[in-house]
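See below for the structure under consideration.
The values are calculated or read from the model by the stated rules, or taken from the named source; none is laboratory data. As the structure is a computational prediction, the values presented were derived from the model and not from experiment. Here the Cβ positions follow ideal geometry from the backbone for every residue, glycine too, while neighbour counts run over all protein chains shown.
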Amino acid sequence: MKGFWILLILVAVSAQAFGQQISSQTKTNFKKLDWLIGTWHRTNSKPGKSGYEKWELTSTNELRGIGVNLTAKDTTFIEKLRIIIKDDYIAYVADVPENKKLVYFKLTEITDNSFVCENPEHDFPKKIAYQRDGKQLKAQISGNGKVIDYFFERK
């Protein structure tokens with residue numbers, strides 16, 4: 001009986017290790033996202049409003065972010081964001097109040113200064129794109145013929 005439990009534990013550990021195999025390409029692509037780390041202040045908010053995104057590296061497989069919109073000094077909207085390695089792909093994960101579940105967007109394009117994530121099944125947005133130019137950042141959400149641009153600057 002003792003041998004059975006040891007065998008069962010070895011099989012479980014092996015299955016878990018096998019399930020978490022991450023390719024070197026996925027790790028390399030994830031590392032390309034390091035430029036996102038920091039606080040990005042929104043530059044195209046309407047008068048009386050402001051906002052920011054703040055990103056931090058929480059592990060070798062996760063960036064955690066928060067998006068905040070403010071009116072004067074009052075917080076009017078918060079979204080919790082993550083970029084993670086999941087099953088050997090990179091996913092942008094949005095946790096927003098109007099969605100009952102987390103929304104996953106799969107990374108479809110990446111360069112040293114940009115990335116695109118998509119979820120064609122989601123109502124809106126279907127596509128999220130980030131493009132950095134030095135201390136400037138453009139985030140764009142799009143889908144169903146609608147496009148919204150967010151411009152940020154690292155302070």
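Which of the residues belonging to segment 78-109 are more than 13 Å from the chain's Cα centre (by Cα) and not polar (S, T, N, Q)?
Across segment 78-109, the qualifying residues are ILE78, ASP87, ASP88, PRO97, GLU98, LYS100, LYS101, GLU109.
Looking at segment 87-96, which of its residues are part of a strand (DSSP E or B) and either among the β-branched types (Val, Ile, Thr) or modelled with pLDDT under 95 (or both)?
ILE90, VAL93, listed by residue number.
For segment 102-123, state whether one or more residues are at pLDDT below 95 and under 19 Å from LEU36 (Cβ atoms).
no
Taking the residues in segment 32-69 that are over 15 Å from the mean Cα position of the chain (by Cα) and either part of a loop (DSSP other than H, G, I, E, B) or among the small types (Gly, Ala, Ser) (or both) as candidates, determine which candidate is surrounded by the most Cβ atoms within 10 Å (Cβ to Cβ).
Of everything passing the filter in segment 32-69, GLY51 is surrounded by the most Cβ atoms within 10 Å (Cβ to Cβ).
Can ALA139 be described as touching an Asp or Glu at 6+ places or on another chain (Cβ under 9 Å) and in contact (Cβ under 8 Å) with a residue 40 or more places away in the chain?
Yes; evaluated as a whole, the condition is true for this residue.
Go through segment 21-58 and report how many residues are within 19 Å of ILE84 (Cα to Cα), in contact (Cβ under 8 Å) with a residue 12 or more places away in the chain and not β-branched (Val, Ile, Thr).
Of the residues in that region, 16 qualify.
Among residues belonging to segment 70-114 that are over 23 Å from PHE124 (Cβ atoms) and acidic (Asp, Glu), point out the one that is surrounded by the most Cβ atoms within 10 Å (Cβ to Cβ).
Looking at the filtered set, the residue picked out is ASP88.
In this structure, is ILE148 loosely packed, with under 14 Cβ neighbours inside 10 Å and in a strand (DSSP E or B)?
yes
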